[in-house]
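This report concerns only the one structure given below.
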Ligand SMILES: Cc1cc2nc3c(=O)[nH]c(=O)nc-3n(C[C@H](O)[C@H](O)[C@H](O)COP(=O)(O)OP(=O)(O)OC[C@H]3O[C@@H](n4cnc5c(N)ncnc54)[C@H](O)[C@@H]3O)c2cc1C
Ligand code: SF4
Ligand code: SF4
């Protein structure tokens with residue numbers, strides 16, 4: 001380890017590794033630190049990702065693909081099933097990854113591009129000077145090190161402290177965190193072609209249960225809940241109830257917990273000498289809980305802007321605004337839409353959900369986008385979903401559906 | 001009121017860290033520490049997926 005780098009990336013998840021790779025491959029001197037001993041482990045993820053999106057940034061490798069699915073099936077509380085094509089499922093389905101291998105592969109790409117990687121190394125504070133972040137304090141094997149740099153990249157995930165240390169409020173308010181638990185279950189019958197989602201205020205109030213196949217006989221079976229449960233009940237209890245009923249003979253071979261930022265965009269993700277990216281920047285999708293792709297996408301943007309800033313010898317918040325503008329225009333816009341939909345869906349009763357599922361009967365949903373599905377639901381259930389109309393205001397076209405302008409809606 | 005971490009239940013996922021309004025919780029490698037800035041609001045204990053944060057009076 002040296003005592004100075006161009007950039008220091010804190011956290012070696014998809015966001016950190018992508019930023020590190022992007023910056024290192026363009027000539028920057030990069031250090032990436034990870035507090036865990038093993039990158040990617042324990043996994044905090046259901047491992048679903050849209051394959052078209054991911055292919056824009058990473059070459060697919062069978063080593064980290066557990067399964068390839070054709071689409072998803074959503075089960076309403078009354079059991080009615082809605083089947084959607086891969087595209088419609090938005091950011092979350094296509095590949096079911098093996099994240100332990102995937103995260104490690106991304107870190108290796110960063111290393112191959114020239115970044116130095118240190119594991120079992122934790123950032124415990126920031127160095128600052130004249131209102132600029134100028135490095136980190138790192139803890140490694142019981143020793144403390146001051147390491148300087150021009151830009152610190154906070155890619156430290158849901159538990160991020162980097163933003164707070166720099167005066168950016170990243171605290172997730174209650175209701176904004178999706179509290180999750182997941183089992184990897186084997187010796188069960190699953191349809192390897194579909195990711196499944198189960199809705200209902202009885203089984204998963206303010207959330208849903210997912211079953212993502214990892215082969216013919218295995219699946220990630222998990223639950224995510226956004227609201228407070230009654231005091232004597234945990235997310236763990238709800239998942240156990242579901243699993244006992246649905247897979248009484250299944251064998252649990254892994255258990256994970258996790259939290260997904262489902263709060264929507266935060267006010268600021270840059271300051272002088274600092275960029276936040278991925279879950280640390282609260283860039284995961286509030287509706288689906290998907291964050292892998294957004295982390296990679298934002299990491300690519302952050303890496304490129306960091307290169308420009310350092311080459312221009314200007315790492316001020318003002319210069320780094322370019323990153324802020326870029327991610328908000330694309331990722332941010334999707335997140336805003338998802339948040340509106342999530343907030344409406346959180347308050348639906350089981351009867352409402354059944355009504356919505358019924359209204360999709362006999363519709364072909366193989367090739368529409370997530371937005372297209374929401375539009376289709378909106379058109380046939382205007383009273384129930386009237387709050388969603390703002391989403392469609394500035395949109396001229398939605399792929400795969402007949403879209404008439406919102407102004408023509410009465 | 002005091003927050004106790006049940007180390008036998010905790011899966012070091014970091015969810016609690018993100019919701020603490022005081023920034024009092026830290027996930028160090030595989031264990032959680034709560035420092036004395038904790039104001040006992042109890043939010044973390046309501047959001048831990050497994051109930052590993054126990055509030056005692
Ligand atoms: C149960 C669950 C299911 C999910 N399912 C999906 C899904 O199916 N599809 C999807 O797209 N997304 C899913 N997500 C979300 C997805 O896992 C995250 O959005 C994604 O991992 C974010 O990547 P990241 O790089 O920002 O953060 P992370 O992957 O969390 O990486 C952050 C890294 O920073 C390290 N770190 C933290 N603090 C420090 C420090 N101080 N010093 C050094 N290192 C530090 C951490 O150890 C960690 O390795 C799920 C999340 C959960 C919890
Ligand atoms: S939320 Fe619960 S399981 Fe997760 S780190 Fe905190 S105490 Fe541990
Ligand atoms: S009780 Fe409140 S202040 Fe204390 S650790 Fe939990 S969330 Fe933070």
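Projecting label points 7 angstrom from Cα along Cα→Cβ for residue B:2 and residue A:68 puts them 5.7 nm apart. Dividing the alpha-carbon radius of gyration of region A:201-303 by the rule-of-thumb value 2.2 N^0.38 Å gives 1.32.
Directionally averaged projected area (region A:245-308, Cα convex hull): 6.6 nm².
Using only the alpha carbons of region B:3-55, what is the convex hull's orientation-averaged projected area in square nanometres?
The orientation-averaged projected area of the Cα hull of region B:3-55 comes to 3.0 nm².
Between A:99, A:389, A:44, the Gaussian network model of chain A with springs among Cα atoms under 10 angstrom shows the greatest mean-square fluctuation at A:389.
The label point for residue A:189 and the one for residue A:347, both projected 7 Å from the Cα toward the Cβ, are 4.1 nm apart.
Here the calculated FRET efficiency for residue A:387 and residue A:366, from their Cβ-Cβ distance with R0 = 35 Å, stands at 0.80, rounded to the nearest 0.05.
Give, in nm to one decimal, the length gained when the segment between residue A:148 and residue A:359 is fully stretched (0.36 nm per residue of separation minus the Cα-Cα distance).
Length difference between fully extended and current span is 70.1 nm.
Give the average, rounded to an integer, of partner chain Cβ atoms located within 10 angstrom of each Cβ in A:38-51. Working shown, then result.
Numbers: counts 0, 0, 0, 0, 4, 0, 5, 0, 0, 0, 0, 0, 0, 0.
Across A:38-51, the average partner-chain Cβ count within 10 Å equals 1.
Legend: mean number of C-beta atoms from other chains within 10 angstrom of residue C-beta atoms, peptide A:178-189, equals 2.
Evaluated over the Cα positions of region A:271-410, the convex hull gives a direction-averaged projected area, one quarter of its surface, of 10.1 nm². Fully extending the segment from residue A:330 to residue A:112, taken as 0.36 nm per residue of separation minus the present Cα-Cα distance, adds 75.6 nm.
By average Cβ neighbour count within 10 Å, what is the ranking of A:150-160, A:2-12 from highest down?
A:150-160, A:2-12
Classify region A:341-408: rounded, prolate or oblate, from the alpha-carbon gyration tensor (a ≥ b ≥ c, eigenvalue square roots; a/c under 1.5 rounded; otherwise prolate if a/b is larger than b/c)? Oblate shape, in that a/c is at least 1.5 and b/c is the bigger or equal ratio. If you run the Gaussian network model on chain A, springs between alpha carbon atoms under 10 Å, then out of A:204, A:329, A:138 the most flexible one is A:329.
When the helix-only estimate is applied to chain A (DSSP H runs of n ≥ 4, each -39,500 (n - 2.57), divided by the residue count), what is the mean residue ellipticity at 222 nm, nearest 500 deg cm²/dmol?
That calculation yields -8500 deg cm²/dmol at 222 nm.
Hydrodynamic analysis of region A:80-229 uses the Kirkwood radius over alpha carbon pairs. Inserted into Stokes-Einstein at 37 °C and 0.692 mPa s, it gives a translational diffusion coefficient of 171 µm²/s. Net length available on complete extension from residue A:1 to residue A:308 is 108.1 nm, with 0.36 nm assigned per residue and the Cα-Cα distance removed.
Please report the relative contact order for region A:341-408, taking Cα pairs under 8 Å with a sequence separation of at least 6, and give it as a percent rounded to a whole number.
Reported as a whole number, the value is 32 percent.
The Cα trace of region A:172-239 gives Rg and Dmax of 13.0, 39 Å, the first to one decimal, the second as a whole number. When the alpha-carbon atoms of the protein assembly as shown are used, the pair Rg, Dmax equals 21.8, 66 angstrom. Roughly what % of DSSP beta bridges within region A:33-157 run antiparallel, to the nearest 5? Of all bridge pairs located within region A:33-157, approximately 95 percent are antiparallel. Looking at the protein assembly as shown, the DSSP beta bridges with both ends there are about 75 percent antiparallel. Structure remark: mean-square fluctuation, Gaussian network model of chain A, C-alpha springs under 10 Å; the largest value among A:380, A:288, A:19 belongs to A:380.
Averaged over the residues of B:17-30, the number of partner chain Cβ atoms lying within 10 Å of the residue Cβ comes to 6.
No value in this document is a laboratory result; all are computed from the given coordinates. Keep in mind the model is a prediction, meaning the values are calculated, not measured. Neighbour counts are summed over all protein chains in view; Cβ atoms, including those assigned to glycine, are modelled from backbone coordinates with ideal geometry.
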